[in-house]
Amino acid sequence: MQITDSKKLRDIQQEFNNKFPYLKLEFYKGKHESGKPSPVGKQLDPEKTIGQVRTAHNEGSMSIDGRLKVCTLEDRFWTHYGLNVQVFRLSGNLWLQTSTTDQWTLTEQNRKGESSEKAYREMHGE
C-alpha cells in the first residue's frame with residue numbers, strides 16, 4: 001500500500017477492504033489510547049487527502065498481511081505516517097471498533113467478521 005500526500009483516505013480504506021472484506025479502516029484526528037475506541041466526533045472525512053490530515057509527512061510503502069496484529073497496524077500508521085487509524089470488524093450488520101481485540105491478527109478479525117455476517121444472514125433468512 002503506497003502512502004503519499006496526494007492519496008485520499010478513501011483510497012487507503014478501499015485497498016484495505018479489498019484485502020480484508022469483513023474489516024474496514026476509519027481515520028481520526030489525534031491519537032487514541034491503546035485498547036480504547038476512537039470518538040465518533042473525531043472521525044475524518046474520507047475525501048480528504050493524506051497530506052491534509054497527517055502529522056508526519058513520510059511517504060512510502062506499507063506492507064499489510066493477515067499475520068499483523070491490529071494494534072501493530074494501527075501503531076505503524078501513527079508512527080510512520082502520523083495517521084490515527086482504527087480497525088472495524090463487521091458484526092452481523094454492524095461495524096464494531098476492534099479496540100478490545102486489538103491483539104488479534106487481521107486474519108483472525110476478518111474470519112470473525114465473516115462468520116458473524118454469515119450467522120446474521122442465516123438468522124434473518126438472507
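The values are calculated or read from the model by the stated rules, or taken from the named source; none is laboratory data. Treat the numbers as computed from the prediction; the structure is a model and nothing was measured. For neighbour counting, all protein chains shown are included, and Cβ atoms are generated from backbone atoms with ideal geometry for every residue, glycine included.
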Is at least one residue of region 11-30 in contact (Cβ under 8 Å) with a residue 12 or more places away in the chain, surrounded by 19 or more Cβ atoms within 10 Å (Cβ to Cβ), of a type in the set (Gly, Ala, Ser) and outside any helix (DSSP H, G or I)? no
Checked against (1) modelled with pLDDT of 95 or more; (2) among the charged types (D, E, K, R); (3) loosely packed, with under 14 Cβ neighbours inside 10 Å, Arg121 satisfies every condition except (1)
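Filter region 77-95 down to the residues that are in a strand (DSSP E or B) and touching a Ser or Thr at 6+ places or on another chain (Cβ under 6 Å) and list them by number.
Start the filter on region 77-95 by keeping residues that are in a strand (DSSP E or B), which leaves 84-91, 94-95.
Of everything in region 77-95, those that are in a strand (DSSP E or B) and touching a Ser or Thr at 6+ places or on another chain (Cβ under 6 Å) turn out to be Gln86, Val87, Arg89, Ser91.
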Cys71 meets each of (1) touching an Asp or Glu at 6+ places or on another chain (Cβ under 7 Å); (2) surrounded by 14 or more Cβ atoms within 10 Å (Cβ to Cβ); (3) outside any helix (DSSP H, G or I) with one exception, condition (3)
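Residue check: is Tyr81 at pLDDT below 95, crowded, with 17+ Cβ neighbours inside 10 Å, under 13 Å from the mean Cα position of the chain (by Cα) and of a type in the set (Phe, Trp, Tyr)? Give the steps one after another, and end with the answer.
Numbers: at pLDDT below 95: yes; crowded, with 17+ Cβ neighbours inside 10 Å: yes; under 13 Å from the mean Cα position of the chain (by Cα): no; of a type in the set (Phe, Trp, Tyr): yes.
Taking the combined requirement at face value, the residue does not satisfy it.
Condition (residue is out of contact with any Leu (no Cβ under 8 Å at 6 or more places or on another chain), among the charged types (D, E, K, R), over 26 Å from Glu122 (Cβ atoms) and surrounded by fewer than 15 Cβ atoms within 10 Å (Cβ to Cβ)) applied to region 34-46: is it met by at least one residue?
Applying the first criterion (out of contact with any Leu (no Cβ under 8 Å at 6 or more places or on another chain)) to region 34-46 yields 34-43.
Restricting the remaining residues to those that are among the charged types (D, E, K, R) gives 36, 42.
Retained after the next criterion (residues that are over 26 Å from Glu122 (Cβ atoms)): 36, 42.
Cutting the leftovers down to surrounded by fewer than 15 Cβ atoms within 10 Å (Cβ to Cβ) gives us 36, 42.
Yes, region 34-46 has at least one match.
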When restricted to Glu59, Glu117, the only residue closer than 16 Å to Leu9 by Cβ, in contact with a strand residue (DSSP E or B) (Cβ under 8 Å, 6 or more places away or on another chain) and acidic (Asp, Glu) is Glu59
Within region 59-68, the residues that are polar (S, T, N, Q) and assigned to a loop (DSSP other than H, G, I, E, B) are Ser63
Within region 100-126, residues more than 12 Å from Tyr22 (Cβ to Cβ) and touching a Ser or Thr at 6+ places or on another chain (Cβ under 8 Å) come out as Asp102, Trp104
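Quick check on Gln109: is it touching a helix residue (DSSP H, G or I) at 6+ places or on another chain (Cβ under 9 Å), over 19 Å from Arg10 (Cα atoms), of a type in the set (S, T, N, Q) and assigned to a loop (DSSP other than H, G, I, E, B)?
Details: touching a helix residue (DSSP H, G or I) at 6+ places or on another chain (Cβ under 9 Å): yes; over 19 Å from Arg10 (Cα atoms): yes; of a type in the set (S, T, N, Q): yes; assigned to a loop (DSSP other than H, G, I, E, B): no.
The answer is no for Gln109.
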